Amino acid sequence: MLGSLALLAQDDGGFVRPVIDWHALAPELVLTAVLCIVLVADLFLPEDRKALLPSLAGLGLLAALIPVLTLAVDGTDRSMFGGTYVVDNFALVVKALFLVAGYVTVLQSTNYIAEGDYAEGEYYFLLLSSILGMTVMGSARDLVTIFVALELLSIPAYLLAGWRKRDPKGNEAGAKYYLMGVFATGVLLYGMSLLYGVAGSTKLSDIGAGLAGGESVPAITLAIVFCVAGFGFKVSAVPFHTWAPDTYEGAPTPITAFLSVSSKAAGFVALLQLVIIGFAEQPEVVRPLMWVLAALSMTIGNVVALRQTNVVRMLAYSGISQAGFMLAPLAVVGQVGDDTLTSIVTYLVIYAAMNLGAFTVVMAVARKTGSAEVSSFGGLFDYAPSLAVLMSLFLFSLAGIPPLAGWLAKFVAFRAVIDAETGWAYALAVVMAVNSVIALAYYANIAKEMWMNPAPGGDKTPVRVPVSLTAALAITGAFTLVFGVTQWATELGDMARFVANVGP
């Protein structure tokens with residue numbers, strides 16, 4: 001029966017079997033069906049009809065979004081399999097994020113894959129498989145389920161990262177991502193095995209209760225460090241970030257955008273569940289660890305990004321820095337209530353929109369220039385003013401300039417950290433403020449190139465932007481601008497009401 005909460009039904013033979021909530025599993029079931037349809041369609045469609053495959057993949061992702069919306073309207077938290085698979089507001093938000101980001105990735109890929117002489121059927125099958133793993137991750141509340149979801153999303157991503165098989169950089173991207181990923185998985189599994197040994201269960205809530213001994217024994221500390229290190233690879237946090245720049249540069253640009261947003265978000269979803277549920281009783285281990293990871297990721301990502309001459313590599317290091325901002329609220333976990341979870345999820349949603357938008361502009365410009373160097377953006381405003389405006393919007397949003405959506409992402413992260421009201425929290429807030437200023441320098445450098453420098457070779461031929469990329473830009477640009485402006489207006493209104501109430 002729909003809406004059941006971890007119910008158990010007993011059959012006539014005396015065996016206890018789980019009652020499956022089909023409505024709660026509908027997004028995953030729809031994605032599975034779409035996977036099969038794409039696979040079968042690829043077998044039977046002639047080569048001149050392969051253009052239908054991205055349409056099938058995109059429509060399938062939108063269809064999977066429908067049960068997410070109906071579950072959100074229903075508003076009931078659903079739990080299955082003894083509480084190891086949960087569909088609540090958190091799960092629904094991140095599933096919607098994965099599906100929409102996947103849809104934008106399909107839009108980015110449509111012309112790129114068709115024009116690049118790539119195997120379209122396999123590409124979209126792997127992309128959908130990875131998204132399926134991410135949706136499972138959103139509801140996973142058990143170490144085994146988390147690991148299965150992680151592998152389901154990671155293995156297709158390894159193959160997609162090396163999709164440019166004839167390009168040495170593509171081969172390097174796939175090999176480096178795979179080898180580093182396997183190493184991180186080994187470390188993660190060792191940490192999970194230690195957690196199971198200490199707590200006697202793989203369920204996160206049971207692990208949280210099992211670690212509630214007060215003092216942190218070495219085995220618990222080692223387990224937490226190893227688990228955080230394993231997921232630190234997925235979110236490209238320093239010092240687990242070394243794969244990101246080369247993989248981003250060598251992978252197909254739509255996959256680079258996908259990895260920078262969806263894969264990172266999936267890693268954060270798992271990390272949030274582990275820290276907030278499983279490690280809730282070990283703040284003396286988690287907080288210092290997250291403080292160091294956040295400060296290192298912000299600082300090293302920004303400093304190295306300043307030296308980049310390739311926009312894709314710059315966005316890779318920018319993503320490392322942004323991961324540091326997202327990790328910052330975890331440095332005060334348990335001290336600010338639900339603000340930690342709310343701030344990170346808000347940051348993930350906004351980051352997805354502005355980063356996907358920036359990569360879409362890079363793809364559109366590269367269709368004309370054949371390059372992703374910063375210099376190739378010279379004079380963009382002269383021959384493609386709409387692209388220059390949109391890229392400026394995304395860049396300054398990434399920098400956190402109001403009223404664009406990025407300001408809200410940084411604002412909620414700052415507020416979560418400062419609300420802890422401790423010396424270490426204030427010190428981390430200072431690091432965040434300094435890095436926000438540093439980041440503005442390299443974002444503004446690209447804007448300067450587009451608006452003030454001449455076009456390379458004086459070529460001002462207009463850029464022809466395909467319909468699919470136009471749609472991707474419309475979705476990401478509208479969210480970045482409209483969401484930011486509305487939230488900015490809301491904050492200003494709240495501030496005005498506060499001043500009026502405390503005034504003379």
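The values are calculated or read from the model by the stated rules, or taken from the named source; none is laboratory data. Here the structure is a predicted model, which means the values were calculated and not measured. Every residue, glycine among them, receives a Cβ derived from its backbone with ideal geometry; neighbour counts consider all protein chains shown.
Just give me the residues in segment 290-314 being of a type in the set (A, V, I, L, M) and in contact with a helix residue (DSSP H, G or I) (Cβ under 6 Å, 6 or more places away or on another chain), in sequence order.
MET290, LEU293, ALA294, ALA295, MET298, VAL304, ALA305, LEU306, VAL311, VAL312, MET314
Given the criteria within 21 Å of the chain's Cα centre (by Cα), in a helix (DSSP H, G or I) and over 16 Å from SER260 (Cα atoms), does SER193 qualify? It is false that SER193 is within 21 Å of the chain's Cα centre (by Cα), in a helix (DSSP H, G or I) and over 16 Å from SER260 (Cα atoms).
A search for C-beta distances below 6 Å between a residue of segment 305-326 that is closer than 30 Å to ALA416 by Cα and any residue that is among the β-branched types (Val, Ile, Thr) and part of a loop (DSSP other than H, G, I, E, B), counting only pairs 6+ apart in sequence or on different chains, returns ALA323/VAL235. Taking each residue of segment 328-340 that is assigned to a loop (DSSP other than H, G, I, E, B) and looking for partners that are surrounded by 20 or more Cβ atoms within 10 Å (Cβ to Cβ) with beta-carbon atoms closer than 7 Å, six or more apart or interchain, yields VAL333/VAL275; VAL333/ILE276; VAL333/VAL286; VAL333/ARG287; VAL333/THR340; GLN335/ALA420; VAL336/ALA416; VAL336/ALA420.
Across segment 219-259, the number of residues qualifying as among the polar types (S, T, N, Q) and either modelled with pLDDT under 85 or surrounded by fewer than 24 Cβ atoms within 10 Å (Cβ to Cβ) (or both) comes to 3.
Might you check whether a residue that is crowded, with 19+ Cβ neighbours inside 10 Å and more than 15 Å from ALA388 (Cβ to Cβ) occurs anywhere in segment 439-453? Yes; the residues of segment 439-453 include at least one that is crowded, with 19+ Cβ neighbours inside 10 Å and more than 15 Å from ALA388 (Cβ to Cβ).
Hey, among ALA149, ALA173, ALA157, which residue is touching a strand residue (DSSP E or B) at 6+ places or on another chain (Cβ under 6 Å), surrounded by 21 or more Cβ atoms within 10 Å (Cβ to Cβ) and part of a helix (DSSP H, G or I)? Before the answer, list the steps.
Working: ALA173 fails: touching a strand residue (DSSP E or B) at 6+ places or on another chain (Cβ under 6 Å); ALA157 fails: touching a strand residue (DSSP E or B) at 6+ places or on another chain (Cβ under 6 Å).
Just a single option satisfies the conditions, and that option is ALA149.
Of all residues in segment 57-98, those satisfying the criterion of being under 21 Å from PHE147 (Cα atoms) and polar (S, T, N, Q) are SER79, THR84. Cβ-Cβ below 6 Å, separation at least six or inter-chain, first residue in segment 118-144 and touching a residue at least 12 places away in the same chain (Cβ under 8 Å) and within 29 Å of ARG166 (Cβ to Cβ), second small (Gly, Ala, Ser) and surrounded by fewer than 24 Cβ atoms within 10 Å (Cβ to Cβ): which pairs? Within 6 Å, the pairs are GLY133/ALA149.
Looking across segment 197-236, just one residue is touching a strand residue (DSSP E or B) at 6+ places or on another chain (Cβ under 9 Å) and of a type in the set (A, V, I, L, M, F, W, C), and that is LEU204.
Examine segment 363-372 for a residue that is under 21 Å from the mean Cα position of the chain (by Cα), in a helix (DSSP H, G or I) and modelled with pLDDT under 95, and state whether such a residue exists.
Within segment 363-372, one or more residues are under 21 Å from the mean Cα position of the chain (by Cα), in a helix (DSSP H, G or I) and modelled with pLDDT under 95.
In segment 77-117, the residue that is surrounded by the most Cβ atoms within 10 Å (Cβ to Cβ) out of those that are in a loop (DSSP other than H, G, I, E, B) and in contact with an Asp or Glu (Cβ under 9 Å, 6 or more places away or on another chain) is THR84.
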